[in-house]
Each structure stands twice: as structure tokens, then as C-alpha cells.
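Right, one structure below, let's go through it.
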Amino acid sequence: MSPPVGPALLAGAGVTVLIVVLLATVATAHLLRGRRSARDARRTRELMPLVHALLDDDPADGTAGIDIAGAPAGLDEIVLDLLPQLRGSDRQVLRQVLAERGVVARAVADLSARRSWRRGRAVALLGSAAGGQHIATMAARLQDRSLEVRCAAARALGKAGEPAAVAPLLRATSGARALPQGVVGMALLDLGTSSLPVLREALVAGDGPARQLVAELLGVHGDLSAAPLLEGLLRDTGEGTGVRRAAAGALGRIGSPTSTEPLVRALSGSADASLQRTSAEALGRIGDPVATAPLLAGLAASDVAVRAACADALVRLGREGRAALQDVASGPGAVADVARAALDQLGTTPSRPQPAGAR
Amino acid sequence: MTEVLHDVVLTASWTVLGYTLLLDLSMLALVLLGARRVAEARRWKGAEGYGEIFASPLTPAVSLLVPAHDEEAGILDTLQAALGQRYPALEVVLVDDGSTDRTFELVAERYQLAEINPRRTAELPVDGEILSVHRATTGDPLVVIRKTSVGRRSDALNAALNVARHPLVCMVDADSLLEEDALLRVARPFVEDPADVIAAGGVIRAANGALTDRGTVLEPRLSRNWLVRIQGVEYLRSFLLGRTGWADANALLIISGAFGLFRRDLLLEIGGLDPRSLAEDAELVVSLLEHQRRVGAPHRVVFVPEPVCWTEVPETWRVLARQRQRWSHGLAQLLWKHRRMIGNPRFGPIGTMALPFFLLFELLGPVVEILGLAAVAVAAGLGILDLGIAAVMVGLAMAVGTLLSTTAVAVEELTYHRYQRGRDVLTLIVAGLVENVGYRQAHAWFRLRGLVAALTRRDPVWTAMPRVGFARDDAPSAELLVPAPR
């Protein structure tokens, strides 16, 4: 039995042809790249005066007097690049340009394209180029079969800036085609403070993962009105650790002194080290001297990260916390090491106690 | 006797032929998957821009961990690149792992280090003795740990993990230069999907020969050394196509030790890096996946098919041999340690696809390759070698190898296009061809020695690679001196 020479020769010939095709492609791409970038640069130079003219126009006049439809195709890309950097009337003018040139209509049509990258690109374009009238169309893409398209739809809804998008975005955090929480979080943050009332409602009525995300976002917004709700979540020992941890972190960001008591309870009473650590960090952010004693007690916690967080929090408390740390640091033992490490950040570490008999 | 030998040679030939066919088909499938993913990523980068990731308050802070042993040649460049990252919140933890050169002195002088009490955030066991901990007084977020070396990178990384403060940790080799946006690119999956993503990595490339200035790669160029050039193609093939393909199949096993981002809480849960492992990067990913599967927690390992890191590769055969031997030894350790996962559907595509592939083609590949070469030699000795058939088979094997390399170069040229000079692209293509003669066979030999070392349970020891440092931008290329066309 000898090896199959015929098929091997055939396969070899096929592979060689493929190699030659690839080589030709590489050579052509390399040679054409320089010309193409020069052409693009030239086109941008030619079109920029037109874009400036559009932006300089009186907003009331819109784009009157300029032949928008007849401008070269490169204008669309320049406008799309500029859009995210602009606000107010300038942004409105460029959106109008894209609508007049049929870019928005083409994007709407592309939402049902077979290829996912086309749908994704289309919904992303709608988010920055279209107004609130396309919210429902974009929200429908939150159930797209491609995860990337769903993510693009969420971000597009955030960029569109309509509070009506909050509810569908929150719904998208669960279900068979759930979106990653970070994507929804960024989209909700893009919506700004107009989304706060709906977020507060969701903190009470939403499901576990959604409430964790909402708690975090309310903290990022520093929403003082949400503090009582967040404190309630933190106190509720039947609540999941993730939600309570997010509530503790949010309370730290909000910085209300009323939150000190539930945070101290979480630090002293919880068995979960991550919740204890977040509570200690939050107490440091709030800076209420009432927390000094519980934080000092936390220096002896069994978890090393909790000990470090308590020491850092004491540093952040100000004079009172630092004085307490100085006292501890001048003594012996592991707790003193933690205190010294924290004080090192300020350059105020007392010297190590010398062992007996040391010179 | 001759007849028996004849039969043995024939059986060996058929085995090698079948094995090669299977390997080529698998590689082709991986390459197609990878090429498709890279092309899609270039067509549409997804919804998120890096500026938005940078500005987002949801972007987690990162601790960059840099273990260094005798790295005076390039440590300042590496630190400059790490500290110069465009990222909202980061710290760098450098571990001087028993250096006998001026690594620590150089860093101490540049960053005006002051000794501090260590702020411990974890209590992972560390075999080497911690001598001192220092902090930069220049305003840079840099902590330096000095410890005695026990000859294992994982020990240094565990020491760094014990003082890392941030929720994500990024492991960086001390001979690597990061692109300015490297962290942003690789952290993006963590920002978008913080609950599921447990690790992420990006494309690593050979830095030898590239023009650099204070930690920044100004102009990627190929070295004049053919050994380095061949490794350049190897890296392109492995990162641009292989790993992208594995990631697409949700079966990525390796996040490179040169640059990888991980969730710190999970690293602590699994007890840090395995102190005995010689392939601690792959070992870490497999341990994390095994742990997450066992506790029923989500786990996505993401590969970002974009160039993020430039690393120094061996310039001599001797150093290359040591490196590849160590990799093979480490792979054998890993597969033995996680042998219950191999072929086990409970572990998903990792158990059913990636681990069997690594066992069959990565670990046992050199055995089959050397067996094939021996069969040819014996057949020639017995006078039963058909030169025509042998030439066709060797030609086919070379053609397939060249096709894979050329595809990698083509994808690079059509997508990232980092090598500006035409002669560099041409050199890469030639290196992909030259690789088949000599390099491939020597590589199989090095890996076989690593496998034998693992089978004979030789003590795993990490041997540091001698560094030459990065090429300075003393003589910029003509292209850099000519103003850009207006």
C-alpha cells in the first residue's frame, strides 16, 4: 500500500494556488494603501469647508442654500465622525444633514439586514444620528439574535438620550437574550439625570441583577434622594450580597452622614468579607468621625483585605481617624503593621517599636 | 527482519500522514474561524469607543504586576510604558525577583523609591523571602517589592498579588512594551460584561528590531536575525489566527504571560498561581475555568484581536531551546494536573476541544514529527524510500505550513498593517517559508526534550532569558523624517 500520491499532488497544487492568490492580495493591498490614504485625505480637505459652512449657518436657516444631496459620499463619514464630539444646535444641523442625504433611512432599512455587522452598524448610526422618533425601532434590536447587535442597540439608546429608553434597557438585563450589565449600565449613564426617577422605582421593583446595577448607577449619580432606599437594601439581611454590596458602595459615593449607621452595622455584623470591605471603604468616603471606633475594631478582622480597607478608611476620616491610627501604629503586633502601612501613604508613620534589648 | 522493519516503517508513515492531515485540517478550521473574526472586528469594532471606556465611571481600576529578574536592559522602558498607559485608574507593582544586576538600582534611582510598610490585601503563600517594599516618591503609582528568587515567576506574581489593591490585575513581562491603549482595549470586555468575563488577553508581537523611544514602539520593524524573523511569523500566526479562532469557539486556553488581564478576586479564590507550574499563564486560565465550572459560575475568557504588547523574543538557538523546552514541560504539567478535564463534556469546549487538541497536537506533536523523520531515515537506509513519493509529501507539508503563515501575514496586512515597510512584509512571507526547513524540526526537538523532562519529573526551574533591551530611536527611518503628504 503506497501513500495516495495523486490526491497529494492535487492538494499541493490547490494549496500553492491559494498561496499565490494571498501573495497577490498582500502585494496589491500594500501598494494601494498609500494611494487610498492620500485620496481620503484629499477628499476630507475638500469637504471640510462644506462642513464648516453647514455648522456656521444660522440654526434657524438649517442647511438652506447648500446643496446637501449633491455633495460627495465622503461627507457622510466626516459627519458621522464629528457627531459624537458635538452638542446642541451643531449636532442638530449634522443630524439634519444625514437625514436629508438618506443616511438615516438607509440605516433603518439595514436594521433587518442578514449580516450582524450591518445591523450593528445601522443601530449604532441611528443612536448618534437620529432623534427620539427611532427609540422603539432601536429598542426592538435589544432582542436581536446577535449579542453584539444587542449591545450596540443598548448603547444607541443611551446616546439618543430619551428617558423612555430606561424601561426597555432595564428589562434587557434578564431573559433568554439578556444583555451584559456593563453595557446597560453605560447606556443608562449616558441618559443622564433624567433617568433617575425610573431608576429609583427599579431599585424597589426590579429583580436582583437589575437592582444591583441600579444601586451602582444611583451611587455614580450621587443621588441623595435614593439614600433612604439604598440604606433599606443594606439593612435587609435577606437581600443578596451583590445587591447589598452595591448599595454600600453607592452610599459611600453619595456621602450622606445618615448612611453611617447601616454601614457600620454591615461592617461589624456581616460575615461576608466583600461586603465588610465595601462598607469600610464607604465609611472612609463619607468621613464621619462616628465611624472611628468600628473601623478601629475592623483592623483586627480575620480577612486581610478588610483590615487594609479599615485602615485606609481611618486615614480618610481626617484628624480623628489618623490620630487613632497613630496610637495603634506605635504598638506591637499585626494590627500595628496594618496601621503603619496605611499611615505610610501620608508619610506620618511612627517608627517601629524596638524589641526589648535592642540597641 | 527487513520485512518487519519495512512494515514498521510503512505503519509509521501512515500514522504520521494521518496525523498530519488531521492537524492541518484542525489548523485550517482555526485559521478560517480566526480570519473571519478578525475581518469582522475590522469591519465593525462594536458599539463602544475607547474614549467612552476611559471616561466611564464603571471602568474598574487595574493593578499591573511586573515580575523582573535581571532585567536591567529594558526595565525602565517597560515601566515607562506601563505607567504611561491611557487608563483612568492603575497602579504598577514591580517585583524584583532576586536580580543580580542593577534592575533595582535603576528603578530606585529613576523613581526615587522610599521603603514603606507593605499594605497587604491578600495572604497567598510565597516561597521567596520578602526583603523590602518600596514606593515611588515621584508621584508615579509604583510599588516595588524586593524578594529572594526561588526560580519561579509564579512566586513573584503571588507576592505582587498580595499587595495589589485593584479589582483587576494585569500580568506583564518585564521585557514587554505595552501600547498606550493596551489596557483600555483589553479591559473593555470587563467593562461591558463585568459578571461573566474572568480573563482577557490581546495580540503580542516580537519587539526585537522595532524602533522604540522611552517605552513606546515608534516603528515596528523586523530584526535582521532570521531566528527572530521566524518567531515574528510564529507570533502572528498564533495570536492573529490561532487564539482568535479558539476564542471564537469559546475554548481559549492561553492568555499570554506577557500581557493578560484577570479578575483579582477569582485569582485569590483559586489560591493564586500554581507555584510549581512552568506554564503558569495557561495553568492559570485552565484553573480559573475549572473552578468556575465546578461552582457553576459564569466564565468568559476573551481574546482581543488587536496588537497591545511588544515583547522581546530569543535571539539565539540556545535561549530559544530553553524557552520552548520550558513551555513543553509546562504544558505536560498542566495536562497532567487537569487530566480529568480532557475529553470531559462537563467542561464544555475546553474539555472536549481545546485540551484534547493541546494533548494530541501540541504535546505529542513533536513525538510524531520526530517519528516521521526517523521513519524517512530508516526507509532511506533500507533502500525502500520512494524519492518521488517522499518529495510529494514533503512538498505538501511545506505548502500547508507556508499557506498558514501567508494567511497570517495577509490578515496582518489587510487589517492592522503595523509593518509599514514593504520589505518587512516580504521578509515575513519568506520567513514563513524558511521556517519549514530546519526551524520546524529543531522546534520539535526542543519540545520533545521538554516532554521528556516532564515525564522524568525533572524539577521545574524557570531560567531567565538574557535580555538585549529595546532598539532606541537614534536613527529614525527615512519614512519618519519625511513629512506626511498634505
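The values are calculated or read from the model by the stated rules, or taken from the named source; none is laboratory data. None of the values given here were measured: they were computed from a predicted structure. All Cβ positions, glycine included, derive from the backbone under ideal geometry; neighbour counts span all protein chains shown.
Rundown of residues vs (1) under 19 Å from the mean Cα position of the chain (by Cα); (2) among the aliphatic types (A, V, I, L, M), yes/no style:
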site: B:Val133; (1), (2): no, yes
site: B:Ala160; (1), (2): no, yes
site: B:Pro167; (1), (2): no, no
site: B:Val186; (1), (2): yes, yes
site: B:Gly201; (1), (2): yes, no
site: B:Gly215; (1), (2): no, no
site: B:Leu218; (1), (2): no, yes
site: B:Trp226; (1), (2): no, no
(message) Pairs please, first residue from the stretch B:133-144 and more than 16 Å from B:Pro118 (Cβ to Cβ), second anywhere and of a type in the set (A, V, I, L, M), Cβ atoms under 8 Å, 6+ apart in sequence or on different chains.
(response) B:Thr137/B:Leu113; B:Thr137/B:Ala114; B:Asp140/B:Leu83; B:Asp140/B:Val92
(message) Any residue in the stretch B:336-360 that is at negative phi and of a type outside the set (A, V, I, L, M) sitting within a Cβ distance under 7 Å of a residue that is in a loop (DSSP other than H, G, I, E, B) and crowded, with 20+ Cβ neighbours inside 10 Å? List the pairs, counting only those 6 or more apart or interchain.
(response) B:Pro349/B:Ala251; B:Phe358/B:Leu253
(message) Looking at the stretch B:388-419 only, could you name the residues that are more than 9 Å from chain A (Cβ to nearest Cβ) and assigned to a loop (DSSP other than H, G, I, E, B)?
(response) B:Thr415, B:Tyr416, B:Arg418, B:Tyr419
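Every residue, every condition in (1) within 19 Å of A:Ser256 (Cα to Cα); (2) surrounded by fewer than 24 Cβ atoms within 10 Å (Cβ to Cβ), yes or no:
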residue: A:Ser194; (1), (2): no, yes
residue: A:Val204; (1), (2): no, yes
residue: A:Asp207; (1), (2): no, yes
residue: A:Ala210; (1), (2): no, yes
residue: A:Leu213; (1), (2): no, no
residue: A:Val220; (1), (2): yes, yes
residue: A:Asp223; (1), (2): yes, yes
residue: A:Pro228; (1), (2): yes, yes
(message) Among the residues that make up the stretch B:454-472, is at least one of them assigned to a helix (DSSP H, G or I) and modelled with pLDDT of 85 or more?
(response) yes
(request) Inspect the stretch A:283-296 for any residue being buried (at least 24 other Cβ atoms within 10 Å of the Cβ), within 14 Å of chain B (Cβ to nearest Cβ) and at pLDDT 95 or above and give the result as yes or no. (result) no
(message) Can you pull out every residue in the stretch A:5-60 that is β-branched (Val, Ile, Thr) and either within 22 Å of B:Val409 (Cα to Cα) or more than 11 Å from chain B (Cβ to nearest Cβ) (or both)?
(response) A:Val15, A:Thr16, A:Val17, A:Ile19, A:Val20, A:Val21, A:Thr25, A:Val26, A:Thr28, A:Thr44, A:Val51
(message) Let me spell it out: the conditions are (1) in contact with a Pro (Cβ under 7 Å, 6 or more places away or on another chain); (2) within 14 Å of chain B (Cβ to nearest Cβ); (3) buried (at least 20 other Cβ atoms within 10 Å of the Cβ), and A:Ala187 meets all of them except one. Which number is the exception?
(response) (1)
(message) I'm trying to understand the selection: among the residues of the stretch B:131-147, which are over 26 Å from B:Gly202 (Cα atoms) and outside any loop (DSSP other than H, G, I, E, B)?
(response) B:Leu131, B:Ser132, B:Val133, B:His134, B:Arg135, B:Ala136, B:Ile145, B:Arg146, B:Lys147
(request) Kindly provide the set of residues from the stretch A:99-121 that are more than 10 Å from every other protein chain (Cβ to nearest Cβ) and outside any loop (DSSP other than H, G, I, E, B), ordered by number. (result) A:Ala99, A:Glu100, A:Val103, A:Val104, A:Ala105, A:Arg106, A:Ala107, A:Val108, A:Ala109, A:Asp110
(message) Anything in the stretch B:148-200 that is in a loop (DSSP other than H, G, I, E, B) and either within 14 Å of chain A (Cβ to nearest Cβ) or among the hydrophobic types (A, V, I, L, M, F, W, C) (or both)? List them, or say none.
(response) B:Val150, B:Asn162, B:Val163, B:Ala164, B:Arg165, B:His166, B:Pro167, B:Ala174, B:Asp193, B:Pro194, B:Ala195, B:Asp196
(request) Please tell me if B:Asp70 is part of a helix (DSSP H, G or I), in contact (Cβ under 8 Å) with a residue 60 or more places away in the chain, of a type in the set (D, E, K, R) and touching a Gly at 6+ places or on another chain (Cβ under 9 Å). (result) no
(message) Among the residues in the stretch B:6-22, are any farther than 30 Å from B:Leu359 by Cβ, surrounded by fewer than 19 Cβ atoms within 10 Å (Cβ to Cβ), more than 26 Å from the chain's Cα centre (by Cα) and more than 10 Å from chain A (Cβ to nearest Cβ)?
(response) yes
(message) Anything in the stretch B:89-115 that is part of a strand (DSSP E or B) and touching a residue at least 24 places away in the same chain (Cβ under 8 Å)? List them, or say none.
(response) B:Leu90, B:Glu91, B:Val92, B:Val93, B:Leu94, B:Val95, B:Asp96, B:Asp97, B:Leu113
(request) Enumerate the pairs (first residue in the stretch A:152-169 and within 9 Å of chain B (Cβ to nearest Cβ) and surrounded by 23 or more Cβ atoms within 10 Å (Cβ to Cβ); second residue anywhere and among the acidic types (Asp, Glu) and assigned to a helix (DSSP H, G or I)) with beta-carbon separation below 9 Å, excluding pairs fewer than 6 apart on the same chain, so at least 6 apart or on different chains. (result) A:Arg155/A:Asp190; A:Arg155/B:Glu52
(request) Identify, from the list B:Val285, B:Val304, the residue that is within 23 Å of the chain's Cα centre (by Cα), under 30 Å from B:Leu218 (Cβ atoms) and in contact (Cβ under 8 Å) with a residue 24 or more places away in the chain. (result) B:Val304
(request) Test A:Gln96 against the criterion of being surrounded by fewer than 19 Cβ atoms within 10 Å (Cβ to Cβ), within 27 Å of the chain's Cα centre (by Cα) and in a helix (DSSP H, G or I), and give yes or no. (result) no
